[in-house]
Amino acid sequence: MITGKQRSYLRSLANSIPAIFQVGKNGIDENVVRQFEEALEARELVKASVLKNSFYTAREACEEIAQAVNAEIVSVMGNKFVLYKESINNKVIELPH
């Protein structure tokens, strides 16, 4: 579990990264979950957007994916959300204490 201070720090890092995933009308399947797992291992911080034609709200998609990949929810704003998961092999983000 990350603290409020760590969440704030991650949110500031997420401002400068582009959304690399889109959740659309196809929803969330095992392929989407696998892509998120790979991206989180490589980057630790991933931003995604939920398209208007999706059956999910950004909050619903974020919570489902976060639970599936065991990641932390950093933020949900509008149609975008940010997830964080500490990388096993590519640790690059140093969280404040």
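Please treat every number below as a calculation from the coordinates, not as lab data. Computed from a prediction, not measured in an experiment: that's the story for all the values here. Cβ placement follows ideal geometry from the backbone for every residue including glycine, while neighbour counts extend to all protein chains displayed.
Can you tell which of K25, K47, K85 shows the greatest fluctuation in a Gaussian network model of the chain with Cα springs below 10 Å? Looking only at K25, K47, K85, the largest GNM fluctuation is found for K25. This ranking places I88, I17 by how few other beta-carbon atoms lie within 10 Å of each, fewest first, which gives I88, I17. Here is how the number arises for the chain: DSSP H runs of 4 or more residues each give -39500 (n - 2.57), the sum is divided by the residue count, and the result at 222 nm is -12000 deg cm²/dmol.
Kindly put S87, S12, S75 in sequence by how many other C-beta atoms sit within 10 Å of each C-beta, fewest to most. Could you put the intermediate results ahead of the total?
Numbers: S87 15, S12 9, S75 18.
Ranked by crowding around the Cβ, least crowded first: S12, S87, S75.
Enter the Cα centre distance for the pair segment 1-16 and segment 17-32, rounded to the nearest angstrom. Cα centroid of segment 1-16 versus Cα centroid of segment 17-32: 22 Å apart. Total lysine pairs in the chain at Cα distances under 14 Å, for residues eight or more apart or on different chains: 4.
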